[in-house]
Amino acid sequence: MSALEILYFIIPSAILYATPLIFTAIGGVFSERAGVVNIGLEGIMVVGAFTGIYVNLEYGPSMGASVIWLAILAALVAGAVFSILLAVAAVSFRADQTVTGVALNMLGGAVTIFLVKLIYQKGQTDIISNPIRRFSMDGIEIWGINWFPLANIPFFGPLLFQNVYSTSILAFAVAIGAWLIIYKTPFGLRLRAVGEHPMAADTMGVNVAKMRYIAVLISGALGGIGGAVYAQTITLDFSASTIAGQGFMAIAALIFGKWNPLGALGAALFFGVAQTLSIAGNQIPVIQDIPAVYLQILPYVLTILALAGFIGKATAPKASGVPYIKGKR
Amino acid sequence: MSNRLINILVPVVSIIVGLLVGAVVMLVSGYDPILGYTALWNGIFGDSYSIGNTIRQITPYILAGLAVAFAFRTGLFNIGVEGQLLMGWLAAAWVGYAVELPRIIHLPLAIIAAAVAGGLWAFLVGFLKARLNVHEVISSIMLNYTALYITNAIIKSLSDGGFKTETVLASATLRAQWLRDLTDNSSLHLGIIIALLMVIVMWFLLEKTTRGYELKAVGFNQNAAEYAGMSVKKNIILAMTISGMFAGLAGAMEALGTFQNASIKAGFTGVGFDGIAVALLGANTPLGVVFGATLFGSLKYGALNMPNAAGIPEEMVSIIIALIIFFVACGYVIRLALSKFGSKKEGK
């Protein structure tokens with residue numbers, strides 16, 4: 001393979017693997033920025049993946065290719081509903097957020113497999129026949145002129161626009177949107193204030209509990225989407241091993257991205273490259289000489305190094321993980 | 001109601017509510033909860049074979065629970081038991097088959113190797129926290145996956161591309177024929193004695209030694225401990241390492257007792273995460289951990305009988321366990337309800 005061919009192979013694949021991470025990591029950014037640590041992202045992704053596959057199998061035959069959007073929407077709702085458990089426990093009941101997150105992970109894994117066995121009488125679902133498909137952005141023809149023929153751009157066309165998933169475009173849009181919301185709107189300012197110094201925010205009239213509920217629900221919704229996208233692009237069915245650590249890798253991405261949506265986007269893309277290389281590296285010269293294990297552990301090791309301050313200091317929001325109790329100094 | 005009574009009531013209420021919600025889930029899904037819980041009961045206590053295997057299942061749960069509880073008592077959250085357990089598992093299996101020694105040296109050596117491997121893996125977490133201010137929850141989650149991939153890669157290369165190591169030698173096994181004869185050929189092994197011994201070790205260490213007092217003091221209040229002349233950093237690293245040694249021992253139970261080898265894993269064993277549940281239910285005391293481990297170990301093993309005897313997926317029990325943890329975590333509300341209930345009664 002020539003260098004260019006390798007690049008044309010790695011980059012689209014990296015974006016494919018990064019897409020679910022982007023959704024989920026940005027969900028995590030919302031909840032952590034509001035002061036709620038969401039270790040339960042893994043369980044939320046599992047719930048989203050199951051919901052996505054279930055809806056796809058159920059309505060795919062009648063709806064055809066557009067069923068993926070219904071599946072993603074259903075996963076969004078399921079993830080948000082599931083995350084209410086965390087919100088109630090962490091915000092209203094002052095529970096330990098990490099423990100609640102662990103419980104959420106266990107619950108998500110157990111409930112979904114229980115449901116699979118109940119509905120399908122076996123340990124895994126069938127393969128979906130309407131997965132999210134790649135397409136080429138050849139442009140739209142209006143008034144006889146071809147607008148935005150992005151796929152025809154030399155170099156960048158084949159690299160970014162010839163084999164693209166609609167969900168990947170959505171992920172980039174969500175990342176930019178999240179950045180705008182968190183840094184450029186009053187809502188975002190309040191969200192960050194609640195996560196940094198809830199008492200000060202409370203004094204200024206911000207409803208801390210409400211903000212934290214909203215943030216956790218957003219993280220649940222985005223985590224659900226992440227799970228549904230992963231299941232419908234990569235595994236194409238649902239079983240106990242469908243989501244195996246993607247939620248935790250999303251947490252790694254949000255930390256490596258320094259609790260910033262665009263940082264999380266970059267980190268997720270980088271982890272996508274690492275995942276691609278660890279799975280398909282044996283086809284690429286030079287990379288095939290590196291044992292896959294180094295690429296597999298790379299995201300996790302880098303995250304530790306980032307936290308340790310070797311790769312720019314990553315500092316968590318100050319009140320992250322601490323329940324807010326009114327009147328307590 | 002006294003504080004002590006409430007502390008005991010919170011887990012009891014959580015267990016009862018967990019089982020009740022479990023029954024409702026079974027009803028809603030069209031299963032018979034009475035049939036389900038009978039199958040669960042028989043799966044745990046049905047015959048001597050089941051009892052033997054239940055005790056075998058409880059063994060790593062005790063050690064994983066001790067690991068989490070010990071860390072909690074010293075102000076740390078060890079969510080990395082999974083990774084430390086895998087490291088201990090591999091170390092014990094490797095020493096178990098690669099070295100030839102008389103049994104009296106070989107078995108202890110393999111067990112110590114597991115403790116050292118688990119301890120070293122946790123030492124990293126303690127070091128990162130004490131020296132570089134990295135939160136232990138995040139670093140241990142990251143090290144869990146690192147351990148999973150590293151042990152898999154090592155097992156693959158040790159077995160020349162296979163998926164499991166050689167079987168441990170007879171001189172390093174925890175299995176004992178008399179235990180198997182006693183329990184109708186179950187896989188019960190001597191590990192339970194080690195686990196119970198460690199329960200006493202943790203109690204002694206925390207309650208009867210100066211070092212244990214220091215470790216607890218640092219957990220309670222770092223500033224006060226520092227002011228009293230204790231080294232906070234040293235104690236954090238030590239506490240994490242000891243916690244990891246318990247976790248490594250849990251791995252030794254699997255390597256030398258239950259499985260007799262180390263094999264490549266697609267995901268985590270779940271024992272480490274369940275250890276968090278065990279510790280919480282046992283209020284982080286050594287004796288409480290024994291109760292928590294007995295409950296969760298029994299439930300986990302008994303669940304395997306549910307698909308055959310009642311046609312209910314075994315995941316039902318995982319749902320119940322997750323709910324129990326959730327309720328214990330929400331202890332604040334249960335406490336509030338209990339104390340209101342208590343004061344009303346007193347008022348009358």
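For chain A, the longest piece that avoids every one of the chymotrypsin sites (Phe, Trp or Tyr not before Pro) found in DSSP loops with at most 15 other C-beta atoms within 10 Å covers A:156-309. Given the C-alpha centroids of segment B:160-219 and segment B:15-56, what is the distance between them in whole angstrom? First find each Cα centre; the distance between them is then 27 Å. Springs between Cα atoms under 10 Å define the GNM used for chain A, and in it the highest mean-square fluctuation of A:Asp289, A:Asp96, A:Asp237 occurs at A:Asp289. Eigen-decomposition of the gyration tensor built on the alpha-carbon atoms of the protein assembly as shown gives equivalent ellipsoid semi-axes of 40, 31, 27 angstrom, largest listed first. With the convex hull drawn over the C-alpha atoms of chain B, the volume per residue is 161 Å³. Report, to the nearest 10°, how far helix A:208-230 tilts away from the longest principal axis of the Cα atoms in chain A, using its own Cα long axis and a range of 0 to 90°. Between helix and principal axis, roughly 20 degrees. Residues considered: A:Ala14, A:Ala244, A:Ala228. Largest GNM mean-square fluctuation over chain A, using C-alpha springs under 10 Å, is found at A:Ala244.
The modelled label-to-label distance between B:Lys265 and B:Ser231, using points 7 Å beyond Cα along the C-beta direction, is 3.3 nm.
Residues whose amide H comes within less than 5 Å of that of B:Ser171, counting only those at least five positions distant or on another chain, are absent (H built at 1.01 Å from N in the peptide plane).
Placing pseudo-labels 7 Å out from each Cα toward the beta carbon at B:Phe341 and A:Phe135 gives an inter-label distance of 5.8 nm. Reducing segment A:8-59 and segment B:253-318 to their Cα centroids gives an inter-centroid distance of 28 Å. Each residue of segment B:71-76 was assigned a 3J(HN,Hα) from its phi angle through the Karplus curve 6.51 cos²θ - 1.76 cosθ + 1.60 (θ = phi - 60°); the sequence is 5, 4, 5, 9, x, 10 Hz, with glycine and proline shown as x. In order along segment B:167-179, phi translates into HN-Hα couplings of 6, 5, 5, 4, 6, 10, 7, 8, 6, 9, 4, 5, 5 Hz, rounded to whole numbers, per the Karplus curve 6.51 cos²θ - 1.76 cosθ + 1.60 with θ = phi - 60° and x for Gly and Pro. Helical content of chain A, expressed as a calculated mean residue ellipticity at 222 nm, amounts to -21500 deg cm²/dmol (DSSP H runs of 4 or more residues, -39,500 (n - 2.57) each, divided by residue number, nearest 500).
Between A:Asn282 and A:Leu118, the distance separating the two model label sites (each 7 Å from Cα on the Cα→Cβ line) works out to 4.0 nm.
Taking A:Gly35, A:Gly43, A:Gly60 in turn, the Gaussian network model of chain A (Cα-Cα springs below 10 Å) assigns the largest fluctuation to A:Gly60.
With one equal scatterer per alpha carbon and no solvent term, the Debye-computed log10 I(q)/I(0) for segment B:60-185 at 0.12, 0.14, 0.23 1/Å reads -0.54, -0.71, -1.26. The 3J(HN,Hα) values that the Karplus relation (6.51, -1.76, 1.60; θ = phi - 60°) gives for segment B:144-149 are, in residue order, 4, 5, 4, 5, 4, 6 Hz. Gly and Pro appear as x. Counting 0.36 nm for each residue step from B:Asp160 to B:Leu132 and taking away their Cα separation leaves a gain of 6.2 nm.
Here, each number is a calculation from the coordinates, and none is a lab measurement. Because the structure is a prediction, the values reported are computed rather than measured. With ideal geometry, Cβ positions are generated from the backbone for all residues, glycine too; neighbour counts draw on all protein chains shown.
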